[in-house]
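Take a look at the structure below.
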Amino acid sequence: MPSDNEFTSTVESQNFPQAPQGMVQREQQLQWLRDSLRPGQQSLADWQAGSMAVSAVPGSGKSTGMAVGAAIAIARHQLHSQHQLVVVTFTRSAAASIKAKIRAYLKPLLLPQGGFVVQTLHGLALNIATRHPDLSGLNLENATVITPNQSHRLLKACVEQWIVANPRRYQSLLEGVQFDGEETERLRRQSVLRTEVLPSLAHTAVHEAKSSGLLPQHLWELSEQTTDEYDILGIAAGLAEQYQMLMRSRDFIDYDDMILAALRVLDSEGMRQLWQNQVFAVFEDEAQDSSPLQEKLLRTLATNPNHPDASPSLVRVGDPNQAINSTFTPADPIYFNWFCETCKAQKRFTTMDQAGRSSQIIIDAANFMLEWVMQGSGGAEEQRSGGAEENKPSTFNLQHAPFRRQYIRPVDTGDPEPSANPEPVGGGLEIYTPSDVHHTVKLIGKRVQGLLSQDSNQNAAVLVRENRQGRFIAEQLAYLERQHQIKVYEVSEVERHSHIPAEILKLLQFIDRPHSPDNLKAALEVLEKRQLIAAQDLNALATSPEQFLYPSPLDPPQKPHVEQACRYCCSLLRARLELPPYQLISFLGMSLKYTGSELATVQKLAERITKQTAGNSSLKAILSVLNEIVSSEQFEGVEEDADEQYIRPNQLTIITMHKAKGLDWDYVFLPFLHDDIIPGKPWVPTAAQFLGDFTLAEVARAQIRTAVHSRYQHPDSLLVLPQPAEAWETAAQLKRAEEFRLLYVAMTRAKRLLWMAAAEKGPFRWNTFSAPQALQPKKPCPILPTLKRQFPQSVLKSPIFNF
């Protein structure tokens, strides 16, 4: 069975396993479908009822297994639009992908398409809530969905109101560990608390609590069990109260409110049975990223109303070893691990452990890294070599084990996936120790040039931990496109979320104030970036907007490329006169020649702004809302086709490790693998160290999770919350665990070559790094020396190049 990334829209003609000649009975076709799957995937096809957990390794084709399992369930149980299989996944792009797969498998079976529905989890919750506004308390005609981050004006207002209401608590924070009363220091601390510490605490506490079903009063109750001098959970409870009051007063809702609203509907016995009767079963993808509240929603829907005590028909598929969002979102892989253990005890657990993505040596390296980290977490006796402290595995609390012990196996001989477990290129695994980060990039450039020059149908990627690393590499490797026709595509962290609103905002600001040199230059930069006007000296054009836009007969004639730019700008200005303000966003999307998902994003943006400016759709009002979206909310675009641009042939993609999840490339490069980044450790910003050796937000996160874990697993046991020092150590353990999982994800993106390196010298901090900056000695990520000993044939010398 093909892996997920190789599944295309032509599945029905190319990849769908057609029945042999004469095999016309549907059951025979279904059996043929089932037998085409790998053993781990077959468990999804064999499922009949009840709960089941499927833990899938990277590249095992879990989405394909789910699609085939869904098609077989729809066929055998004759599902229809009134009794459906509900498939839930994490993102819209993943939902679109799996929906296309299920449809492709149903088509040759001549089955109707109404027997299933695929939705994101929040989309499902919103559907339930909006159908019953009287029960959910949610009415989108009046409410606006927001995704507040730490810098959102709502959180800033929440902090200011809390400070006014809690002067004594605020004074305690100002004094910190030690304070001499100096006025300049007082003002500095006030700024840090108002703009950094308290917004961060509010953001973390609100979402950790709401995603677990905890209300502000629950946080107050928990705070009574702590004795820290700041009463961090008490502050978090007060901030959460202010947040909820502001949300209600402004008719705002967030994504957690959608889940809570759906659960309020399902609290009604009549409505609960109505929805349960419409749901045959629930299949959940990426289950390792679910919160307790989300699991509760799916479990409720999957329960048979006629047998409420029976195991719900809930199939959860995920990989806890690829849980890479738990330190900055409420997602926590421990819940899926507990679900797996429960199902295992009931003999309803299976592992999809065969994967055809990678060469054998890459599989061996990933499995070795997993086991090495787990030996450290499990307290097993370490087999040391040479006694070097840097080669010692990190030690973890057993409750926060970084991995589940499941190992990738290659596929069986005769697997139908094309090029399964391909032959490696070179040794398949290459480990380097360059002299510095500049040398590292030169090595990558030479290797990429050689690889893609030999076969332009292949692709490559550099996976980085931070965006600044990616920008540094892209700048140094720009010559590959000029000299060798190898496209270098850098994926910015915010590109998929905010580049379209930012571009629209710049053009609208120009339309609003065309005689501002700054606005004119920003608009010209957008047009140039979109290749709508020729590259030129934009400063010369923006110096005198009037002369550029409306040249007089006495002015020198404009050059052709300047005249072209002038025409574009004037056409934008005419649109303001000819179109109502609410149509300008769609017009600008067409003017910038957006296509596909970009146009869908523009439409989504326009609809959102129309809702938020209802009753006052002036250009000023539109600009105010759009500016807030760009500066604070990181608008999430429509991304159904986004993955394709990252895996084009003859392209070097530079992308963060987080964004790389779900993708793969022939050749993967992992540079800058240093100990201070992976695994790294939590750190207290210098400006906030007056509060102590911890951050309030991470302490609150650890305390809230401890409470939720206890309630989830041992509801009747005595709850003991960690104090700040212990909570901070828990945060450090969670960070180390997640960083190693992130490295595991990065390693398993490679098909034929995995290239790893840690330079001897690098910058102190990448976010302040510039090329001429002095470098300093760096320690490698602790797994690298161990990999070198385990795979000595993969350790290569780093040649010096003169460029």
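The values are calculated or read from the model by the stated rules, or taken from the named source; none is laboratory data. As the structure is a prediction and not an experimental result, all values here were calculated from the model. Methodologically, a virtual Cβ is constructed for each residue, glycine included, from the backbone with ideal geometry; neighbour enumeration extends over all protein chains shown. Protein only, heavy atoms only, side chains kept; ligands, DNA and RNA dropped before computing areas. Shrake-Rupley method; radii C 1.70, N 1.55, O 1.52, S 1.80 Å.
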- Message: I need every pair where a residue in segment 429-448 that is acidic (Asp, Glu) has its Cβ under 7 Å from the Cβ of a residue that is surrounded by 19 or more Cβ atoms within 10 Å (Cβ to Cβ) and part of a helix (DSSP H, G or I), sequence separation at least 6 or different chains.
- Response: Glu430/Ser794
- Message: Return the pair list, or none, for Cβ contacts closer than 6 Å from residues in segment 513-538 that are among the aromatic types (Phe, Trp, Tyr) to residues that are exposed (fewer than 14 other Cβ atoms within 10 Å of the Cβ) and not in a loop (DSSP other than H, G, I, E, B), at least 6 apart or on different chains.
- Response: none
- Query: What do you reckon, is Ile102 without any contact (Cβ under 8 Å) to a residue 40 or more places away in the chain and assigned to a helix (DSSP H, G or I)?
  - Reply: yes
- With criteria (1) at pLDDT 95 or above; (2) surrounded by fewer than 22 Cβ atoms within 10 Å (Cβ to Cβ), Tyr712 comes up short on (1)
- Task: Report yes if some residue within segment 162-170 is buried (at least 17 other Cβ atoms within 10 Å of the Cβ), modelled with pLDDT under 90 and outside any helix (DSSP H, G or I); otherwise report no.
- Result: no
- Please list, ordered by first then second residue, the pairs with beta carbon atoms under 6 Å, 6 or more apart or interchain, first in segment 249-272 and on the phi < 0 side of the Ramachandran plot, second part of a strand (DSSP E or B). Phe252/Thr144; Ile253/Val145
- Here are Ala600, Ala535: which of them is open to solvent by 60 Å² or more (accessible area, probe 1.4 Å) and either more than 25 Å from Ile629 (Cβ to Cβ) or modelled with pLDDT under 90 (or both)? Ala535
- Message: Looking only at segment 645-676, count every residue that is closer than 23 Å to Val488 by Cβ and open to solvent by less than 20 Å² (accessible area, probe 1.4 Å) and tell me the total.
- Response: 20
- Message: Report every pair of residues separated by at least 6 positions or lying on different chains whose Cβ atoms are under 7 Å apart, first residue within segment 209-220 and touching a residue at least 60 places away in the same chain (Cβ under 8 Å) and assigned to a loop (DSSP other than H, G, I, E, B), second surrounded by fewer than 21 Cβ atoms within 10 Å (Cβ to Cβ) and acidic (Asp, Glu).
- Response: none
- Note on the structure: Those residues of segment 19-56 which are at pLDDT 50 or above and assigned to a loop (DSSP other than H, G, I, E, B) amount to Val24, Gln25, Ser36, Leu37, Arg38, Trp47, Gln48, Ala49, Gly50, Ser51
- Cβ-Cβ under 8 Å pairs, at least 6 apart or on other chains, segment 752-765 side among the acidic types (Asp, Glu), far side surrounded by fewer than 22 Cβ atoms within 10 Å (Cβ to Cβ) and not in a strand (DSSP E or B): Glu760/Thr433; Glu760/Ser435; Glu760/Asp436; Glu760/Lys778
- Query: So which residues in segment 477-493 are at negative phi, assigned to a loop (DSSP other than H, G, I, E, B) and either modelled with pLDDT of 90 or more or open to solvent by less than 60 Å² (accessible area, probe 1.4 Å) (or both)?
  - Reply: Leu477, Ala478, Ile486, Val491, Ser492
- Out of the residues in segment 273-316 that are more than 21 Å from the chain's Cα centre (by Cα) and in a strand (DSSP E or B), which is farthest from Tyr255 (Cα to Cα)? Phe280
- State the number of residues belonging to segment 559-591 that are under 26 Å from Asn616 (Cβ atoms), in contact (Cβ under 8 Å) with a residue 12 or more places away in the chain and hydrophobic (A, V, I, L, M, F, W, C). 7
- Task: Looking only at segment 496-515, decide whether some residue is assigned to a helix (DSSP H, G or I) and over 19 Å from Ser624 (Cα atoms).
- Result: yes
- Query: Out of the residues in segment 626-635 that are closer than 14 Å to Arg608 by Cβ and open to solvent by 20 Å² or more (accessible area, probe 1.4 Å), which is modelled with the highest pLDDT?
  - Reply: Asn627
- Query: Mind checking which residues of segment 714-771 are among the β-branched types (Val, Ile, Thr) and within 25 Å of Asp228 (Cβ to Cβ)?
  - Reply: Val720, Thr730
- Query: Does segment 259-279 contain any residue that is touching a Pro at 6+ places or on another chain (Cβ under 7 Å), open to solvent by less than 30 Å² (accessible area, probe 1.4 Å) and within 25 Å of Ala209 (Cα to Cα)?
  - Reply: no
- Item | In segment 280-300, the residues that are free of Cβ contacts under 8 Å to residues at least 40 places away in the same chain and out of contact with any Pro (no Cβ under 7 Å at 6 or more places or on another chain) | Thr300
